1. Taking Cα pairs under 8 Å and at least six residues apart, what relative contact order does the stretch 1-70 come out at, in percent?
2. Measure off, as a whole percent, the carbon and sulfur share of the 1.4 Å-probe accessible area of the stretch 196-271, all protein chains present.
3. How compact and how long is the stretch 377-499, expressed as Rg and Dmax of its alpha-carbon atoms in Å?
4. Give me the accessible area of Asp167, 1.4 Å probe, in Å² rounded to the nearest 10.
5. Give me log10 I(q)/I(0) at q = 0.19, 0.20 Å⁻¹ for the stretch 96-217, Debye formula, one equal scatterer per alpha-carbon, no solvent.
6. For Asp157 and Arg464, what does the FRET efficiency come to when R0 = 56 Å and r is the distance between their Cβ atoms, rounded to the nearest 0.05?
7. How much solvent-accessible surface does Arg46 expose, in Å² to the nearest 10, with a 1.4 Å probe and all protein chains in place?
8. Counting pairs of alpha carbon atoms under 8 Å apart in space and at least six apart in sequence, what relative contact order in percent does the stretch 138-241 give?
Amino acid sequence: MLIKVFGSAVFGVEATTITIEINMEKGIGYHLVGLPDNAIRESSFRIQAALKNNGYKFPGKKIIVNMAPADLRKEGSAYDLSLALGILAASSQIKSEKIDDYIIMGELSLDGSLQPIKGALPIAIKAKEEGYKGFILPAQNAKEAAIVDGLEVFGVDNITEVISFFDKEEPLQPTVIDTRAVFYDSLLSPEYDFSEVKGQESIKRCMEIAAAGGHNIIMIGPPGSGKTMLAKRLPSILPPMSLQEALETTKIHSVVGRTNGQIGLMAERPFRSPHHTISDVALVGGGAYPQPGEISLSHNGVLFLDELPEFKRTVLEVMRQPLEDREVTISRAKFTVTYPSSFMLVASMNPSPGGYFNDPDAPVTSSPAEMQRYLSKISGPLLDRIDIHIEVTPVPFEKLSDQSKAESSVEIRKRVTAARQIQTKRFSEINHIHYNAQMGVKQIKMFCKLDEASKELLKTAMERLNLSARAYDRILKVARTIADLEGCDSITGTHISEAIQYRSLDRDGWLG
């Protein structure tokens, strides 16, 4: 008897439906074909024990299982449930009339209970596209899959519930989630708030500008000056994600199995902070079976690189292309996978190996040669892609002990969102450009026109401070964002002079 059951495989952030054909005939043996990996090959032992422990038997016949398309590599243990139901249906132990209306996925424990799977959201999206009636999966993943409207999602705890559903027509309870309500509830109370930061008003202003224009930022300051604390609060002032962005972000986190099972949808912008010992592959993505890296997991959010010069140079160099293209392409001989990676880069570093360069009271000092060697670990092309450099100084005791409450993230976010709306309108007719940081030379000429006084100011500053050519475009982009925050149509000298302050590393005495 031949039975067809449907599962799904995830490649990149998209799912592909897998047809599991089970043929049973006289003889003995269990043959699994269609490029399964070891986890799938071992499934027969898990299925055998789970069926026996729930009052069913693994048939002693010749069973041939084909996973089509047969030339596509299948991996993971998520096919256990679909294989088990297919075997029960092919051996006439359960009815199978409705089995091909559903996508069925789940990893079996030996007692028949189900373990969570990865990629539930992309699979649910594909199931809806292809017109399946529903999706049966472990209860832990149900909320994530239920984000998709128009598809019945059944979260189950045990194989017996699924068997009863098909064989005895006992109804399963569908998981229903009000995506919009969940999404908007989580916007009002960020976990980290700027009101908790004492002092550092100039840095907060800098963060607001970076958030408003989508600018990459690097903070230079001694240990304990608050660089990490400020970076962690940046997502709380970024404009709220649209529902589309939230779905995109959840999809990537779903593929690696890192979504929040309680909510399903990721409504807050991601904040990723990899350690400086990270490898190239872990940062960008890849591996034998390609997985998204840290830069894709921070898509639509913030990637924070603490102690930037401590990262391996090769790791920093592989980031250059994703920063430009806002996507990562991983190529293999038989296939190519593309992951989105549109993120804000926030980096921090000490000004010297000891951390206290230019501080006369410092316990540790570094020679100019050590200092130069330390700073030269950051390549020019990477620095080129960072618009704002800001020096962070330690907070004095008076500010630390001050009990007055600072401005909250929600207040700052209102100004940032208003500035982003101006940019959305400005770039509405230009593809792939949504905010000021993405402007190219053509757009800078069009939208960053200066009057004579501002031109003269910029010229004087570049000569006096010996700013490099790379700083010119960056200053104009940042000045455009400052003007947007103030609701000004044109860039004035005030905007230019503030933007010039944010180029610390271009001045003499730093990187040249």
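The values are calculated or read from the model by the stated rules, or taken from the named source; none is laboratory data. Quick caveat, the model's predicted, so the values are computed rather than measured. A quick note on method: Cβ atoms are made from the backbone with ideal geometry, for glycine too, and the neighbour counts reach across all protein chains shown. Please note that ligands, DNA and RNA were not included when accessible areas were found on the heavy atoms of the full protein model with its side chains. Shrake-Rupley method; radii C 1.70, N 1.55, O 1.52, S 1.80 Å.
1. Result for the stretch 1-70 is 41 percent.
2. Summing carbon and sulfur atoms, their accessible area is 50 percent of the total for the stretch 196-271.
3. Looking at the stretch 377-499, its Cα Rg and Dmax stand at 16.9, 50 Å.
4. 40 Å²
5. So the normalised log intensities are -1.00, -1.08.
6. It comes out at approximately 0.20.
7. Counting only protein heavy atoms, Arg46 exposes about 40 Å² to solvent.
8. 22 percent
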